[in-house]
1. Could you please find all residues in segment 67-106 being in contact (Cβ under 8 Å) with a residue 12 or more places away in the chain, open to solvent by 80 Å² or more (accessible area, probe 1.4 Å) and either touching a strand residue (DSSP E or B) at 6+ places or on another chain (Cβ under 7 Å) or more than 20 Å from Ile46 (Cα to Cα) (or both)?
2. Can you tell me which residue within segment 120-158, out of those that are in a helix (DSSP H, G or I), free of Cβ contacts under 8 Å to residues at least 12 places away in the same chain and open to solvent by less than 80 Å² (accessible area, probe 1.4 Å), is nearest to Arg170 (Cα to Cα)?
3. Within the set of pairs 6+ apart or on separate chains, which have a first residue in segment 1-25 that is within 17 Å of Ile46 (Cα to Cα), a second that is open to solvent by 80 Å² or more (accessible area, probe 1.4 Å) and at pLDDT 90 or above, and C-beta atoms under 6 Å apart?
4. State which residue is nearest to the chain's Cα centre (by Cα) when the search covers only segment 35-50 and only residues that are of a type outside the set (A, V, I, L, M, F, W, C) and surrounded by fewer than 18 Cβ atoms within 10 Å (Cβ to Cβ).
5. Any chance segment 88-95 includes a residue that's among the small types (Gly, Ala, Ser) and modelled with pLDDT under 85?
6. What single numbered condition from (1) at pLDDT below 95; (2) open to solvent by 60 Å² or more (accessible area, probe 1.4 Å) fails to hold for Gln112?
7. Check Asp116, Asp50 and return the single one that is in contact (Cβ under 8 Å) with a residue 40 or more places away in the chain and out of contact with any helix residue (DSSP H, G or I) (no Cβ under 8 Å at 6 or more places or on another chain).
Amino acid sequence: ESVTSTDPQAIMSLLNSLNIPIEKIGMETGAKSNYLCHILSSHYNITCYDSYKVAKIIAAKGNKTDKNDARLIAEIARISGFSNVLNLEVHVKSSLAQEILTLIRTRESLVQRFVDTYNQIRAIYKSSGLCLPPTTPENVKKLISKTINQLPENSTTCVRILMETYESMRRGIQQLTQKIEELVKPKNGDWRRQIDTTF
């Protein structure tokens with residue numbers, strides 16, 4: 001047993017210092033699991049397990065601690081049939097799949113904040129007895145510039161600040177959308193063959 005940082009080089013250095021053959025490495029899913037798996041898999045036989053399911057097993061056995069987690073994961077890795085019966089193993093995404101997923105999730109998060117910001121601007125207008133007519137995201141800035149002088153001074157300040165954020169997010173969403181389209185756009189032949197089993 002030992003403790004080291006969550007870094008592939010530190011892990012490999014520790015394992016090499018043990019001077020024992022490593023037959024298999026087990027780890028659970030987490031924020032760095034994909035990254036670690038891709039680097040370590042070029043040197044070791046590594047399997048990733050569902051952290052939620054592993055936690056359920058640990059809860060049934062006793063206290064959940066880092067040491068107990070590590071011991072159980074080592075036992076799961078040792079008894080391969082155990083993980084198969086409980087369906088503990090998870091598919092590790094390819095680097096391309098992870099890249100696309102990161103772009104998609106970032107865009108989703110940005111779109112939600114984008115909508116919230118626009119709704120906040122509309123709420124400020126309504127609190128002043130005004131109502132913004134329906135428009136497209138590209139034309140919001142033009143519409144605001146025509147109507148912002150009708151708002152009280154403090155409300156005007158708030159809307160100007162929100163509009164800076166709104167425009168920045170709108171441009172960001174456009175860039176992310178373009179990047180996603182470039183990644184999934186087929187270069188040759190059927191796009192389904194391009195990504196195949198990527199996900």
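The values are calculated or read from the model by the stated rules, or taken from the named source; none is laboratory data. Note that the coordinates shown come from a computational prediction; the quantities given were computed from them, not determined experimentally. Cβ atoms come from the backbone with ideal geometry, glycine included; neighbour counts cover every protein chain shown. Ligands, DNA and RNA are excluded from the accessible area calculation, which covers all protein heavy atoms including side chains. Shrake-Rupley method; radii C 1.70, N 1.55, O 1.52, S 1.80 Å.
1. Hits for segment 67-106 are Glu89, Glu99.
2. Within segment 120-158, the subset in a helix (DSSP H, G or I) is 120-127, 137-150, 153-158.
So of that shortlist, the ones also free of Cβ contacts under 8 Å to residues at least 12 places away in the same chain come out as 122-123, 126, 139, 142-143, 145-146, 149, 153-154, 156-157.
Right, trim to open to solvent by less than 80 Å² (accessible area, probe 1.4 Å) and you get 122-123, 139, 143, 145, 156-157.
Values: Arg122: 17, Ala123: 19, Asn139: 11, Leu143: 15, Ser145: 17, Thr156: 20, Thr157: 20 Å.
Step by step, filter segment 120-158, then rank; the result is Asn139.
3. Here the result reads Lys24/Asn45, each pair linking segment 1-25 to a residue that is open to solvent by 80 Å² or more (accessible area, probe 1.4 Å) and at pLDDT 90 or above.
4. Here the residue is Tyr35.
5. Going through segment 88-95, the residues among the small types (Gly, Ala, Ser) turn out to be 94-95.
Now drop any that are not modelled with pLDDT under 85, which leaves 94-95.
Yes - at least one qualifying residue is present in segment 88-95.
6. All conditions pass for Gln112, except number (1).
7. Working: Asp116 fails: in contact (Cβ under 8 Å) with a residue 40 or more places away in the chain.
Going through Asp116, Asp50 in turn, just one is in contact (Cβ under 8 Å) with a residue 40 or more places away in the chain and out of contact with any helix residue (DSSP H, G or I) (no Cβ under 8 Å at 6 or more places or on another chain): Asp50.
The rows are residues; the columns are (1) surrounded by 15 or more Cβ atoms within 10 Å (Cβ to Cβ); (2) modelled with pLDDT under 95; (3) among the charged types (D, E, K, R).
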residue	(1), (2), (3)
Arg160	no, no, yes
Met169	yes, no, no
Gly172	yes, no, no
Lys187	no, yes, yes
Trp191	no, yes, no
Ile195	yes, yes, no
Phe199	no, yes, no
